[in-house]
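Have a look at the structure below, then the notes.
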Amino acid sequence: MARVEAGVGPVAVNHYGQQPAVTLSFNLAAGASLNTALAQALAAANEVLPADVTAQLAGSAQKFQESTVTLPLLLLFTVLVIYMVLAVLYEHLGHPLTILTALPLAGFGALLVLLLADEELNIFSFVGIILLVGLVKKNGIMMIDFALTRQRAGMNAEDAIVEASLVRLRPIMMTTFAAIVATLPIAIGFGTGGEARRPLGIAVVGGLLFSQFLTLYITPTFYVSMAQFEGWLGRQRARFARPN
């Protein structure tokens, strides 16, 4: 019925997802990013594995792969929700765009400072960019809200936004530098495990510094351009509505 022979075999057969599996672990070299290491590891595995064996990520590598998909969607949904809330608040579709003009500047500043600081774009730094959405938009809200109040009083758009920029400069600077000073300990890396949270602080500080000065020029310019576009659109509607 059977022939018994002595041999060498595995002590245990590991499974992953109800399939026999072998786990291979690796550490990152100094200065190497996880994204580059995963791409090289998967490319090497696909070259040597037979067709009936597949490679699949697990553990922290799997979490990283999932975060690269979910975090950009989270940032997109955050911006969309803020836009809808501002559109309802101001009952206007153009003013939220004016307020959100600082977001690309903040994102570019955060990525630039991360590059200069030789830090990678990981989960912590991406969370810092999402935090920038809430921190940066308050500059536009301060200016646009004041300018709209002046316009309702009879002032034209250009004079209203200039006065808003002058009056709101001090509170904008105060709130921005308060956020920068509060985030500096994280950017420097104080405390236990501070080196892991350091990209978050660097992204927030870099984005705030970069967008702070450019917002005071970009947002008023966009506001005046939007007012001119609305005026042109109103004249076109009046011309087409005029009876022949």
Determine which member of the set LEU24, LEU34, LEU42, LEU49 is modelled with pLDDT of 75 or more and closer than 28 Å to LEU114 by Cβ. LEU42
Of the candidates ARG235, ARG239, ARG198, ARG170, the one satisfying the condition of being in contact (Cβ under 8 Å) with a residue 24 or more places away in the chain and assigned to a helix (DSSP H, G or I) is ARG198
Condition check for ALA87: in contact with a helix residue (DSSP H, G or I) (Cβ under 6 Å, 6 or more places away or on another chain), farther than 30 Å from LEU114 by Cα and without any contact (Cβ under 8 Å) to a residue 24 or more places away in the chain: yes
Are any residues in the range 209-219 buried (at least 23 other Cβ atoms within 10 Å of the Cβ) and under 11 Å from THR176 (Cα atoms), and if so, which ones? SER211
Just one of LEU111, LEU76 is in contact with a Leu (Cβ under 8 Å, 6 or more places away or on another chain) and within 30 Å of ALA39 (Cα to Cα); which is it? LEU111
Working carefully through the options PHE190, PHE222, find the one that is in a helix (DSSP H, G or I) and either in contact (Cβ under 8 Å) with a residue 12 or more places away in the chain or surrounded by 12 or more Cβ atoms within 10 Å (Cβ to Cβ) (or both). PHE222
Helices (runs of 4 or more DSSP H) fully within the range 60-164 counting 1 or more residues that are within 24 Å of LEU216 (Cβ to Cβ) and among the small types (Gly, Ala, Ser): 60-90, 102-116, 123-152
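The values are calculated or read from the model by the stated rules, or taken from the named source; none is laboratory data. Remember, predicted model here, so these are calculated numbers, not experimental data. Cβ coordinates were reconstructed from backbone atoms using ideal geometry, including for glycine residues, and neighbour counts include every protein chain displayed.
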